[in-house]
Amino acid sequence: MIKICNDIFALQTPGSSYVFRVTETGRLEKLHYGAPLGWNEATSDELIAADCAAMTEKREFEPGNVIAEDAQH
């Protein structure tokens, strides 16, 4: 199954799930790869968005050698 919810893309097989999103700056961010998340065609976009918000990396500061976005992002 492939499910698209706004900027979130979920690919699922019986044995695994791969979920990523497009960030505000257009970069791809992997949110999950591994065991199936249990979503199906009937899973609401609101539930998927809430689950993905919990999976999104939270940053208080940019550590070490990473790409820093401008102040707007």
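Coordinate-derived values only; no laboratory data. Given the structure is predicted, the values throughout are model-derived calculations rather than measurements. Virtual Cβ from ideal backbone geometry, glycine too; neighbours counted across all protein chains shown.
Kindly list the number of the only condition in (1) under 17 Å from residue 56 (Cβ atoms); (2) out of contact with any Pro (no Cβ under 7 Å at 6 or more places or on another chain) that fails for residue 11.
Result: residue 11 passes all but (1).
Just for strands (runs of 3 or more DSSP E) wholly inside region 1-61: which have at least 1 residues that are surrounded by 10 or more Cβ atoms within 10 Å (Cβ to Cβ) and among the hydroxyl-bearing types (Ser, Thr, Tyr)?
Passing ranges, in order: 17-22, 28-34.
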